[in-house]
Amino acid sequence: MAMRVFTAFGPSKVEKKNDAIRFGAAQIASLALFTPALSHPEVIVQAVAARDHARASAFAKKNNIPDVRTSYK
């Protein structure tokens with residue numbers, strides 16, 4: 001059980017494939033998408049959005065997300 005919890009909350013980072021699925025998300029908990037994406041070479045978090053650009057930028061920088069959006073469209 002302890003190992004399952006460890007891998008869920010602290011997955012190993014892996015090298016991403018060139019043809020990985022790219023997605024963005026807004027107002028979503030890190031545990032729901034960003035943390036699991038770390039251990040999947042076929043998934044890249046491409047963008048994050050928030051009405052507050054500074055908040056979105058800080059989150060993107062902390063999580064190595066390349067695109068920051070201020071609109072959810």
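Residue-by-condition table, conditions (1) in contact with a Phe, Trp or Tyr (Cβ under 9 Å, 6 or more places away or on another chain); (2) modelled with pLDDT of 85 or more:
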| residue | (1), (2) |
| --- | --- |
| M3 | no, no |
| T7 | no, no |
| F23 | no, no |
| A32 | no, no |
| P36 | no, no |
| V45 | yes, no |
| A54 | no, yes |
Can you tell me which residue in the range 48-73 is farthest from N18 (Cα to Cα), limited to those that are in contact with a helix residue (DSSP H, G or I) (Cβ under 8 Å, 6 or more places away or on another chain) and not β-branched (V, I, T)?
A50
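The values are calculated or read from the model by the stated rules, or taken from the named source; none is laboratory data. Since this is a predicted model, take the numbers as computed values, not measurements. No Cβ is skipped: glycine too gets one built from the backbone with ideal geometry, and neighbour counts run over all protein chains shown.
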